[in-house]
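Reviewing the structure listed below.
The values are calculated or read from the model by the stated rules, or taken from the named source; none is laboratory data. This is a predicted model, so every value here is computed, not measured. Cβ sites come from the backbone with ideal geometry, for glycine too, and all protein chains shown count toward neighbours. Just so you know, the surface numbers come from the protein's heavy atoms only, side chains and all, with ligands and any DNA or RNA stripped out. Shrake-Rupley method; radii C 1.70, N 1.55, O 1.52, S 1.80 Å.
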Amino acid sequence: MTSDDERTELVERPLTRKKFVATAIGAAVAATPLLNKAASAATYRTAATARAAKGKVVIGAFVDGGLVPFKNKIIPLFEQDTGIKVEFLQDDYSTFFEKAFQDGLTKAGQFDIYVMDDPWIPQYASAPVLQNLSKLGFTADADYMKPFLELGYWPPRKGPRLPQFKSATPQLYALPFVGDMQSLTYRKDAFGTAPKTWTSLVATARAKMHPPQTYGYVFRGVKGNSIAASWFPVFRSQGGQIFDNSWKVLWNNAAGKRATEFFVHTLKSLAPPGVVEYDSTEEGAAILGGKALSIVQYSGNAIKSNDPKESKEVGKLAFGTVPRGPGGSIAQIGIFISGISVSAPNQANAVAFQKWFVTKKAQIALARAGSLPVKRSAFLDAQASKHDPLQKTILAQLIAGAEARPRTPDWGKVEDILGTALNQALSAGTIGGHLDSAAKDVTAYLKKNGYYK
(Lines give C-alpha, C1' and ligand atoms only; values in the text may rest on other atoms or scores of the structure.)
Protein backbone atom coordinates (compact mmCIF):
# COMPACT_ATOMS: atom_id res chain seq x y z
CA MET A 1 0.00 0.00 0.00
CA THR A 2 1.41 3.37 -0.93
CA SER A 3 1.48 6.37 1.33
CA ASP A 4 -0.49 9.57 0.69
CA ASP A 5 2.69 11.21 -0.63
CA GLU A 6 3.35 8.33 -2.99
CA ARG A 7 -0.22 8.48 -4.20
CA THR A 8 0.34 11.94 -5.64
CA GLU A 9 2.85 10.35 -7.99
CA LEU A 10 1.28 6.91 -8.48
CA VAL A 11 -2.23 5.83 -9.24
CA GLU A 12 -3.11 3.33 -6.53
CA ARG A 13 -4.97 0.07 -6.90
CA PRO A 14 -8.40 0.15 -5.22
CA LEU A 15 -7.91 -0.33 -1.49
CA THR A 16 -10.76 -2.81 -1.26
CA ARG A 17 -8.51 -5.45 -2.77
CA LYS A 18 -6.49 -7.32 -0.18
CA LYS A 19 -2.80 -6.53 -0.39
CA PHE A 20 0.06 -8.90 0.36
CA VAL A 21 3.54 -7.60 1.23
CA ALA A 22 6.36 -9.08 -0.79
CA THR A 23 9.17 -10.52 1.30
CA ALA A 24 11.68 -10.71 -1.51
CA ILE A 25 12.25 -8.61 -4.62
CA GLY A 26 12.09 -10.53 -7.85
CA ALA A 27 10.67 -13.77 -6.35
CA ALA A 28 10.08 -16.24 -9.17
CA VAL A 29 7.34 -18.80 -9.30
CA ALA A 30 7.56 -21.64 -11.78
CA ALA A 31 4.94 -24.38 -11.91
CA THR A 32 5.74 -27.80 -13.38
CA PRO A 33 3.31 -29.19 -15.98
CA LEU A 34 1.25 -32.15 -14.85
CA LEU A 35 2.45 -35.44 -16.30
CA ASN A 36 0.92 -38.87 -16.36
CA LYS A 37 2.17 -40.67 -13.28
CA ALA A 38 2.76 -43.76 -15.35
CA ALA A 39 5.15 -42.02 -17.73
CA SER A 40 8.59 -43.53 -17.91
CA ALA A 41 11.75 -41.62 -16.96
CA ALA A 42 12.78 -41.58 -20.61
CA THR A 43 9.44 -40.08 -21.68
CA TYR A 44 9.74 -37.47 -18.96
CA ARG A 45 13.23 -36.47 -20.14
CA THR A 46 12.03 -36.24 -23.74
CA ALA A 47 9.09 -34.02 -22.80
CA ALA A 48 11.30 -31.82 -20.65
CA THR A 49 13.77 -31.38 -23.49
CA ALA A 50 10.97 -30.41 -25.87
CA ARG A 51 9.65 -27.86 -23.42
CA ALA A 52 13.10 -26.39 -22.85
CA ALA A 53 13.51 -25.95 -26.58
CA LYS A 54 10.48 -23.62 -26.62
CA GLY A 55 12.25 -21.13 -24.34
CA LYS A 56 10.58 -18.94 -21.75
CA VAL A 57 8.49 -15.84 -21.17
CA VAL A 58 9.14 -13.46 -18.26
CA ILE A 59 6.03 -11.95 -16.71
CA GLY A 60 6.30 -9.20 -14.11
CA ALA A 61 3.53 -8.11 -11.74
CA PHE A 62 2.86 -6.53 -8.36
CA VAL A 63 1.99 -8.81 -5.44
CA ASP A 64 -1.77 -9.10 -5.02
CA GLY A 65 -4.15 -11.83 -3.89
CA GLY A 66 -6.11 -11.37 -7.10
CA LEU A 67 -3.26 -13.00 -9.03
CA VAL A 68 -3.01 -16.15 -6.90
CA PRO A 69 -5.37 -18.24 -9.09
CA PHE A 70 -3.39 -17.16 -12.17
CA LYS A 71 -0.11 -18.15 -10.53
CA ASN A 72 -1.32 -21.47 -9.15
CA LYS A 73 -3.64 -22.68 -11.91
CA ILE A 74 -3.10 -20.83 -15.18
CA ILE A 75 0.69 -20.75 -15.41
CA PRO A 76 0.94 -24.58 -15.19
CA LEU A 77 -1.79 -24.92 -17.82
CA PHE A 78 0.01 -22.57 -20.22
CA GLU A 79 3.29 -24.43 -19.75
CA GLN A 80 1.55 -27.74 -20.33
CA ASP A 81 -0.22 -26.52 -23.47
CA THR A 82 2.71 -24.71 -25.09
CA GLY A 83 5.98 -26.01 -23.67
CA ILE A 84 7.00 -22.43 -22.91
CA LYS A 85 8.43 -21.89 -19.42
CA VAL A 86 7.05 -19.00 -17.37
CA GLU A 87 9.13 -16.89 -15.02
CA PHE A 88 6.66 -14.96 -12.87
CA LEU A 89 8.40 -12.12 -11.02
CA GLN A 90 6.59 -10.00 -8.44
CA ASP A 91 7.33 -6.94 -6.32
CA ASP A 92 5.24 -4.72 -4.09
CA TYR A 93 2.95 -2.27 -5.89
CA SER A 94 5.05 0.89 -5.97
CA THR A 95 8.34 -0.95 -6.56
CA PHE A 96 6.99 -2.79 -9.57
CA PHE A 97 5.37 0.35 -10.97
CA GLU A 98 8.77 2.07 -11.06
CA LYS A 99 10.81 -1.01 -11.98
CA ALA A 100 8.65 -1.90 -14.98
CA PHE A 101 8.44 1.69 -16.22
CA GLN A 102 12.21 2.15 -16.01
CA ASP A 103 12.74 -1.24 -17.68
CA GLY A 104 10.75 0.02 -20.66
CA LEU A 105 12.33 3.47 -20.76
CA THR A 106 15.89 2.14 -20.64
CA LYS A 107 15.08 -0.92 -22.76
CA ALA A 108 16.80 -3.10 -20.19
CA GLY A 109 14.87 -6.20 -21.28
CA GLN A 110 14.12 -7.53 -17.80
CA PHE A 111 10.51 -8.43 -18.60
CA ASP A 112 8.53 -9.63 -21.60
CA ILE A 113 5.08 -8.83 -20.19
CA TYR A 114 3.98 -6.33 -17.58
CA VAL A 115 0.85 -7.12 -15.56
CA MET A 116 -0.33 -3.65 -14.54
CA ASP A 117 -3.04 -1.81 -12.69
CA ASP A 118 -5.30 -0.31 -15.36
CA PRO A 119 -4.67 3.35 -14.32
CA TRP A 120 -1.01 2.86 -15.31
CA ILE A 121 -1.92 2.64 -19.00
CA PRO A 122 -1.95 6.41 -19.70
CA GLN A 123 1.64 6.74 -18.47
CA TYR A 124 2.94 3.44 -19.85
CA ALA A 125 1.32 3.76 -23.29
CA SER A 126 2.11 7.45 -23.79
CA ALA A 127 5.81 6.99 -22.95
CA PRO A 128 5.59 4.44 -24.61
CA VAL A 129 7.04 1.47 -22.73
CA LEU A 130 4.43 -0.89 -24.19
CA GLN A 131 4.39 -2.30 -27.69
CA ASN A 132 1.50 -1.42 -29.95
CA LEU A 133 -0.47 -4.66 -30.06
CA SER A 134 -2.41 -3.49 -33.08
CA LYS A 135 0.88 -3.49 -35.04
CA LEU A 136 1.67 -6.97 -33.72
CA GLY A 137 -1.51 -8.30 -35.30
CA PHE A 138 -3.77 -8.41 -32.25
CA THR A 139 -7.46 -7.89 -32.92
CA ALA A 140 -10.29 -7.69 -30.40
CA ASP A 141 -13.08 -10.19 -30.92
CA ALA A 142 -16.68 -9.66 -29.82
CA ASP A 143 -16.31 -12.01 -26.82
CA TYR A 144 -14.37 -9.43 -24.79
CA MET A 145 -16.36 -7.54 -22.17
CA LYS A 146 -16.20 -4.12 -23.79
CA PRO A 147 -15.75 -2.02 -20.61
CA PHE A 148 -12.63 -4.09 -19.81
CA LEU A 149 -11.28 -4.02 -23.36
CA GLU A 150 -11.58 -0.25 -23.67
CA LEU A 151 -8.94 0.24 -20.98
CA GLY A 152 -6.24 -1.19 -23.25
CA TYR A 153 -6.60 1.51 -25.92
CA TRP A 154 -4.44 4.61 -26.02
CA PRO A 155 -5.49 7.30 -26.44
CA PRO A 156 -8.90 6.34 -25.05
CA ARG A 157 -11.65 5.86 -27.60
CA LYS A 158 -14.06 7.97 -25.53
CA GLY A 159 -13.82 10.61 -22.84
CA PRO A 160 -11.23 13.38 -22.43
CA ARG A 161 -7.74 12.94 -23.88
CA LEU A 162 -4.38 14.44 -23.07
CA PRO A 163 -3.85 17.45 -25.39
CA GLN A 164 -0.87 15.90 -27.20
CA PHE A 165 -3.01 12.87 -28.14
CA LYS A 166 -6.17 14.75 -29.04
CA SER A 167 -6.09 13.81 -32.74
CA ALA A 168 -4.30 10.46 -32.47
CA THR A 169 -5.98 7.26 -33.62
CA PRO A 170 -6.53 4.89 -30.67
CA GLN A 171 -4.34 1.81 -30.75
CA LEU A 172 -4.46 -1.33 -28.63
CA TYR A 173 -1.53 -1.36 -26.19
CA ALA A 174 -2.76 -3.77 -23.52
CA LEU A 175 -5.25 -6.57 -22.96
CA PRO A 176 -7.51 -7.02 -19.93
CA PHE A 177 -5.96 -9.67 -17.71
CA VAL A 178 -8.06 -10.32 -14.60
CA GLY A 179 -11.38 -8.58 -14.00
CA ASP A 180 -12.16 -6.62 -10.86
CA MET A 181 -14.92 -4.10 -10.22
CA GLN A 182 -17.57 -2.97 -7.81
CA SER A 183 -21.01 -4.42 -7.12
CA LEU A 184 -23.53 -4.42 -4.29
CA THR A 185 -23.34 -6.84 -1.35
CA TYR A 186 -26.43 -6.93 0.86
CA ARG A 187 -28.01 -8.87 3.72
CA LYS A 188 -30.78 -11.13 2.44
CA ASP A 189 -32.59 -11.15 5.77
CA ALA A 190 -32.92 -7.36 5.64
CA PHE A 191 -33.56 -6.68 1.96
CA GLY A 192 -34.97 -9.97 0.67
CA THR A 193 -33.78 -9.23 -2.86
CA ALA A 194 -31.24 -6.74 -4.14
CA PRO A 195 -32.57 -3.16 -3.97
CA LYS A 196 -32.90 -1.86 -7.52
CA THR A 197 -32.70 1.86 -6.70
CA TRP A 198 -30.90 4.04 -4.18
CA THR A 199 -34.29 5.22 -2.93
CA SER A 200 -35.24 1.63 -2.17
CA LEU A 201 -31.91 0.88 -0.50
CA VAL A 202 -32.16 3.92 1.76
CA ALA A 203 -35.75 3.22 2.77
CA THR A 204 -35.13 -0.44 3.61
CA ALA A 205 -31.78 0.18 5.28
CA ARG A 206 -33.28 2.88 7.48
CA ALA A 207 -36.18 0.64 8.48
CA LYS A 208 -34.06 -2.45 9.18
CA MET A 209 -31.00 -0.96 10.89
CA HIS A 210 -30.78 -1.19 14.66
CA PRO A 211 -27.93 0.96 15.98
CA PRO A 212 -25.58 0.31 17.63
CA GLN A 213 -25.86 -3.36 16.63
CA THR A 214 -26.47 -2.87 12.89
CA TYR A 215 -26.30 0.00 10.41
CA GLY A 216 -27.83 0.28 6.97
CA TYR A 217 -24.84 1.02 4.75
CA VAL A 218 -21.07 1.15 5.11
CA PHE A 219 -18.25 2.63 3.01
CA ARG A 220 -14.70 3.95 3.21
CA GLY A 221 -14.43 7.53 4.41
CA VAL A 222 -10.71 8.05 4.89
CA LYS A 223 -9.25 10.71 2.59
CA GLY A 224 -7.72 10.06 -0.82
CA ASN A 225 -8.25 6.97 -2.94
CA SER A 226 -10.41 5.24 -0.33
CA ILE A 227 -13.30 7.69 -0.11
CA ALA A 228 -13.03 8.55 -3.81
CA ALA A 229 -13.57 4.89 -4.74
CA SER A 230 -16.60 4.61 -2.43
CA TRP A 231 -18.03 7.91 -3.68
CA PHE A 232 -17.58 7.07 -7.39
CA PRO A 233 -20.48 4.60 -7.94
CA VAL A 234 -22.85 6.69 -5.82
CA PHE A 235 -21.86 9.92 -7.54
CA ARG A 236 -22.08 8.54 -11.09
CA SER A 237 -25.33 6.66 -10.44
CA GLN A 238 -26.82 9.82 -8.97
CA GLY A 239 -26.02 11.70 -12.18
CA GLY A 240 -22.71 13.39 -11.36
CA GLN A 241 -19.81 13.73 -13.81
CA ILE A 242 -16.12 14.21 -13.05
CA PHE A 243 -14.85 15.94 -16.22
CA ASP A 244 -16.21 16.93 -19.60
CA ASN A 245 -14.28 16.03 -22.76
CA SER A 246 -12.07 19.11 -22.37
CA TRP A 247 -11.05 18.34 -18.76
CA LYS A 248 -13.40 20.92 -17.29
CA VAL A 249 -14.20 19.88 -13.71
CA LEU A 250 -17.91 19.05 -13.33
CA TRP A 251 -18.20 17.55 -9.87
CA ASN A 252 -19.13 20.94 -8.42
CA ASN A 253 -21.98 21.75 -10.81
CA ALA A 254 -25.58 21.40 -9.60
CA ALA A 255 -25.87 17.70 -10.46
CA GLY A 256 -22.50 16.92 -8.91
CA LYS A 257 -23.34 18.72 -5.69
CA ARG A 258 -26.69 16.92 -5.38
CA ALA A 259 -25.01 13.57 -5.96
CA THR A 260 -22.26 14.24 -3.44
CA GLU A 261 -24.69 15.59 -0.84
CA PHE A 262 -26.53 12.27 -1.10
CA PHE A 263 -23.25 10.51 -0.31
CA VAL A 264 -21.93 12.68 2.53
CA HIS A 265 -25.29 13.30 4.19
CA THR A 266 -27.92 10.66 3.35
CA LEU A 267 -25.63 7.62 3.21
CA LYS A 268 -23.60 8.86 6.17
CA SER A 269 -26.83 8.84 8.20
CA LEU A 270 -27.07 5.09 7.56
CA ALA A 271 -23.42 4.35 8.37
CA PRO A 272 -21.67 3.47 11.64
CA PRO A 273 -20.24 6.32 13.74
CA GLY A 274 -16.66 7.01 12.76
CA VAL A 275 -17.17 6.09 9.09
CA VAL A 276 -15.19 9.21 8.21
CA GLU A 277 -12.09 7.23 9.29
CA TYR A 278 -13.11 3.89 7.78
CA ASP A 279 -10.80 2.17 5.32
CA SER A 280 -11.06 -1.27 3.71
CA THR A 281 -10.36 -3.12 6.96
CA GLU A 282 -13.16 -1.36 8.84
CA GLU A 283 -15.76 -1.56 6.10
CA GLY A 284 -14.92 -5.23 5.54
CA ALA A 285 -15.28 -5.99 9.24
CA ALA A 286 -18.67 -4.24 9.25
CA ILE A 287 -20.25 -6.17 6.38
CA LEU A 288 -18.60 -9.52 7.18
CA GLY A 289 -19.21 -9.17 10.91
CA GLY A 290 -22.93 -8.36 10.72
CA LYS A 291 -22.65 -4.68 11.65
CA ALA A 292 -23.73 -3.39 8.23
CA LEU A 293 -26.61 -4.40 5.96
CA SER A 294 -25.21 -3.26 2.61
CA ILE A 295 -22.11 -2.03 0.82
CA VAL A 296 -20.82 -1.34 -2.71
CA GLN A 297 -17.37 -2.92 -2.86
CA TYR A 298 -14.79 -4.45 -5.16
CA SER A 299 -15.00 -8.14 -6.01
CA GLY A 300 -11.79 -8.92 -4.11
CA ASN A 301 -13.68 -8.26 -0.88
CA ALA A 302 -17.10 -9.42 -2.04
CA ILE A 303 -15.86 -12.98 -2.60
CA LYS A 304 -15.13 -13.25 1.13
CA SER A 305 -18.85 -13.08 1.92
CA ASN A 306 -19.40 -16.83 2.06
CA ASP A 307 -15.94 -17.85 3.23
CA PRO A 308 -16.23 -19.12 6.82
CA LYS A 309 -12.61 -18.15 7.44
CA GLU A 310 -13.43 -14.51 6.66
CA SER A 311 -17.15 -14.00 7.30
CA LYS A 312 -19.51 -14.38 10.24
CA GLU A 313 -22.44 -13.92 7.85
CA VAL A 314 -22.04 -17.00 5.65
CA GLY A 315 -25.29 -17.69 3.85
CA LYS A 316 -26.77 -14.30 4.76
CA LEU A 317 -25.05 -12.14 2.13
CA ALA A 318 -25.93 -11.90 -1.56
CA PHE A 319 -24.89 -9.79 -4.53
CA GLY A 320 -26.60 -7.31 -6.81
CA THR A 321 -25.84 -4.53 -9.23
CA VAL A 322 -25.23 -0.99 -7.97
CA PRO A 323 -28.65 0.58 -7.25
CA ARG A 324 -29.99 2.86 -9.98
CA GLY A 325 -30.25 6.59 -9.64
CA PRO A 326 -30.82 9.44 -12.11
CA GLY A 327 -27.56 8.48 -13.83
CA GLY A 328 -28.30 4.75 -14.03
CA SER A 329 -26.42 1.90 -12.34
CA ILE A 330 -22.68 2.55 -12.60
CA ALA A 331 -19.79 0.74 -10.90
CA GLN A 332 -16.09 1.53 -10.92
CA ILE A 333 -13.72 -0.80 -12.78
CA GLY A 334 -10.23 -1.53 -11.49
CA ILE A 335 -8.74 -4.42 -13.47
CA PHE A 336 -5.38 -6.06 -13.95
CA ILE A 337 -4.20 -5.42 -17.51
CA SER A 338 -1.20 -6.76 -19.44
CA GLY A 339 1.07 -5.46 -22.17
CA ILE A 340 4.25 -6.49 -23.97
CA SER A 341 7.40 -4.53 -23.12
CA VAL A 342 9.12 -2.54 -25.87
CA SER A 343 12.31 -4.38 -24.88
CA ALA A 344 10.83 -7.87 -24.47
CA PRO A 345 13.74 -10.34 -24.85
CA ASN A 346 11.36 -13.19 -25.73
CA GLN A 347 8.86 -11.33 -27.88
CA ALA A 348 7.56 -14.32 -29.84
CA ASN A 349 6.76 -16.14 -26.62
CA ALA A 350 5.19 -13.00 -25.16
CA VAL A 351 2.88 -12.77 -28.17
CA ALA A 352 2.09 -16.49 -27.85
CA PHE A 353 1.19 -16.06 -24.18
CA GLN A 354 -1.02 -13.03 -24.75
CA LYS A 355 -2.93 -14.80 -27.51
CA TRP A 356 -3.26 -18.05 -25.54
CA PHE A 357 -4.44 -16.30 -22.36
CA VAL A 358 -7.56 -14.91 -24.03
CA THR A 359 -8.61 -18.19 -25.65
CA LYS A 360 -11.90 -19.65 -24.50
CA LYS A 361 -10.12 -22.55 -22.82
CA ALA A 362 -7.82 -20.30 -20.78
CA GLN A 363 -10.56 -17.87 -19.81
CA ILE A 364 -12.87 -20.63 -18.59
CA ALA A 365 -9.99 -22.14 -16.62
CA LEU A 366 -9.38 -18.72 -15.06
CA ALA A 367 -13.05 -18.38 -14.11
CA ARG A 368 -13.17 -21.88 -12.63
CA ALA A 369 -10.01 -21.09 -10.63
CA GLY A 370 -11.88 -18.29 -8.85
CA SER A 371 -10.84 -15.18 -10.79
CA LEU A 372 -13.05 -12.87 -12.80
CA PRO A 373 -12.44 -13.51 -16.50
CA VAL A 374 -12.44 -10.85 -19.20
CA LYS A 375 -14.55 -12.63 -21.82
CA ARG A 376 -18.31 -13.18 -21.89
CA SER A 377 -18.13 -16.91 -22.70
CA ALA A 378 -16.21 -17.55 -19.48
CA PHE A 379 -18.72 -15.56 -17.42
CA LEU A 380 -21.43 -17.80 -18.86
CA ASP A 381 -19.65 -21.04 -17.94
CA ALA A 382 -22.06 -22.97 -15.70
CA GLN A 383 -19.37 -24.63 -13.58
CA ALA A 384 -17.63 -21.33 -12.84
CA SER A 385 -20.91 -19.59 -12.01
CA LYS A 386 -21.98 -22.37 -9.67
CA HIS A 387 -18.68 -22.14 -7.81
CA ASP A 388 -18.72 -18.33 -7.68
CA PRO A 389 -22.19 -16.69 -7.81
CA LEU A 390 -20.56 -13.26 -7.87
CA GLN A 391 -19.66 -13.84 -11.52
CA LYS A 392 -23.31 -13.58 -12.62
CA THR A 393 -23.63 -10.28 -10.79
CA ILE A 394 -20.45 -8.88 -12.31
CA LEU A 395 -21.67 -9.81 -15.79
CA ALA A 396 -24.97 -8.04 -15.06
CA GLN A 397 -23.09 -4.99 -13.77
CA LEU A 398 -20.89 -4.85 -16.87
CA ILE A 399 -24.05 -4.77 -18.95
CA ALA A 400 -25.81 -2.23 -16.69
CA GLY A 401 -22.92 0.21 -16.37
CA ALA A 402 -19.21 0.09 -15.56
CA GLU A 403 -16.58 2.80 -15.89
CA ALA A 404 -12.90 3.28 -15.15
CA ARG A 405 -11.35 6.31 -13.56
CA PRO A 406 -10.48 9.17 -15.98
CA ARG A 407 -7.64 8.17 -18.29
CA THR A 408 -4.78 10.46 -17.31
CA PRO A 409 -1.39 9.84 -15.68
CA ASP A 410 -2.31 12.69 -13.31
CA TRP A 411 -5.35 10.94 -11.84
CA GLY A 412 -3.40 10.15 -8.65
CA LYS A 413 -2.95 13.86 -7.95
CA VAL A 414 -6.54 14.67 -8.87
CA GLU A 415 -7.83 11.89 -6.65
CA ASP A 416 -5.70 13.07 -3.74
CA ILE A 417 -7.15 16.59 -3.92
CA LEU A 418 -10.71 15.38 -4.50
CA GLY A 419 -10.48 12.66 -1.85
CA THR A 420 -9.31 15.14 0.76
CA ALA A 421 -12.26 17.42 0.00
CA LEU A 422 -14.72 14.51 0.13
CA ASN A 423 -13.39 13.47 3.52
CA GLN A 424 -13.84 17.02 4.81
CA ALA A 425 -17.39 17.15 3.47
CA LEU A 426 -18.19 13.77 5.00
CA SER A 427 -16.85 14.91 8.35
CA ALA A 428 -19.11 18.00 8.16
CA GLY A 429 -22.09 16.00 6.87
CA THR A 430 -22.59 18.47 4.02
CA ILE A 431 -20.65 19.51 0.93
CA GLY A 432 -20.27 23.15 1.99
CA GLY A 433 -17.58 24.74 -0.16
CA HIS A 434 -15.39 21.64 -0.31
CA LEU A 435 -16.25 20.58 -3.88
CA ASP A 436 -15.70 24.12 -5.17
CA SER A 437 -12.34 24.29 -3.44
CA ALA A 438 -11.24 20.94 -4.89
CA ALA A 439 -12.41 21.99 -8.36
CA LYS A 440 -10.36 25.18 -8.12
CA ASP A 441 -7.22 23.32 -7.01
CA VAL A 442 -7.53 20.60 -9.65
CA THR A 443 -8.20 23.13 -12.41
CA ALA A 444 -5.08 25.07 -11.41
CA TYR A 445 -3.02 21.86 -11.38
CA LEU A 446 -4.26 20.74 -14.80
CA LYS A 447 -3.73 24.20 -16.26
CA LYS A 448 -0.15 24.22 -14.98
CA ASN A 449 0.39 20.88 -16.69
CA GLY A 450 -0.93 21.97 -20.08
CA TYR A 451 -4.38 20.40 -20.18
CA TYR A 452 -6.16 23.52 -21.46
CA LYS A 453 -4.17 24.29 -24.60
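Some values worked out for this structure:
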{"quantity": "Out of ARG236, ARG187, sole residue that is under 24 Å from ALA421 (Cβ atoms) and open to solvent by 10 Å² or more (accessible area, probe 1.4 Å)", "calculated": "ARG236"}
{"quantity": "Residue selected from the range 147-163 under the condition in contact (Cβ under 8 Å) with a residue 12 or more places away in the chain and surrounded by fewer than 16 Cβ atoms within 10 Å (Cβ to Cβ), by the criterion nearest to GLY334 (Cα to Cα)", "calculated": "ARG157"}
{"quantity": "Out of GLY401, GLY429, sole residue that is modelled with pLDDT of 95 or more, over 21 Å from the mean Cα position of the chain (by Cα) and not hydrophobic (A, V, I, L, M, F, W, C)", "calculated": "GLY429"}
{"quantity": "Inter-residue pairs, beta-carbon under 7 Å, first within 12 Å of SER427 (Cα to Cα) and in the range 255-272, second open to solvent by less than 10 Å² (accessible area, probe 1.4 Å), 6+ apart", "calculated": "PHE263/TRP231; PHE263/VAL234; PHE263/PHE235; VAL264/ALA425; VAL264/LEU426; LYS268/VAL275; LYS268/LEU426"}
{"quantity": "Residue ID - farthest from ALA271 (Cα to Cα), chosen from residues in the range 432-447 that are open to solvent by 20 Å² or more (accessible area, probe 1.4 Å) and touching a residue at least 60 places away in the same chain (Cβ under 8 Å)", "calculated": "THR443"}
{"quantity": "MET145 vs. criteria touching a Leu at 6+ places or on another chain (Cβ under 6 Å) and on the phi < 0 side of the Ramachandran plot", "calculated": "yes"}
{"quantity": "Wholly enclosed helices (runs of 4 or more DSSP H) of the range 351-437 bearing at least 1 residues among the hydroxyl-bearing types (Ser, Thr, Tyr)", "calculated": "376-379, 382-387, 390-400, 411-428"}
{"quantity": "Unmet requirement for PRO128, which otherwise passes all of (1) touching a helix residue (DSSP H, G or I) at 6+ places or on another chain (Cβ under 8 Å); (2) more than 16 Å from VAL342 (Cα to Cα)", "calculated": "(2)"}
{"quantity": "Of all residues making up the range 345-377, the number that are open to solvent by 40 Å² or more (accessible area, probe 1.4 Å) and over 18 Å from ILE84 (Cβ atoms)", "calculated": "3"}
{"quantity": "Filter pass, THR408 being in contact (Cβ under 8 Å) with a residue 24 or more places away in the chain, within 30 Å of ASN245 (Cα to Cα), β-branched (Val, Ile, Thr) and surrounded by fewer than 20 Cβ atoms within 10 Å (Cβ to Cβ)", "calculated": "no"}
{"quantity": "Selected residue (criterion: most open to solvent (accessible area, probe 1.4 Å)) from residues of the range 98-121 that are in contact with a strand residue (DSSP E or B) (Cβ under 7 Å, 6 or more places away or on another chain) and assigned to a helix (DSSP H, G or I)", "calculated": "LYS99"}
{"quantity": "Residues being part of a loop (DSSP other than H, G, I, E, B), within 20 Å of SER437 (Cβ to Cβ) and of a type in the set (A, V, I, L, M) - total across the range 197-248", "calculated": "2"}
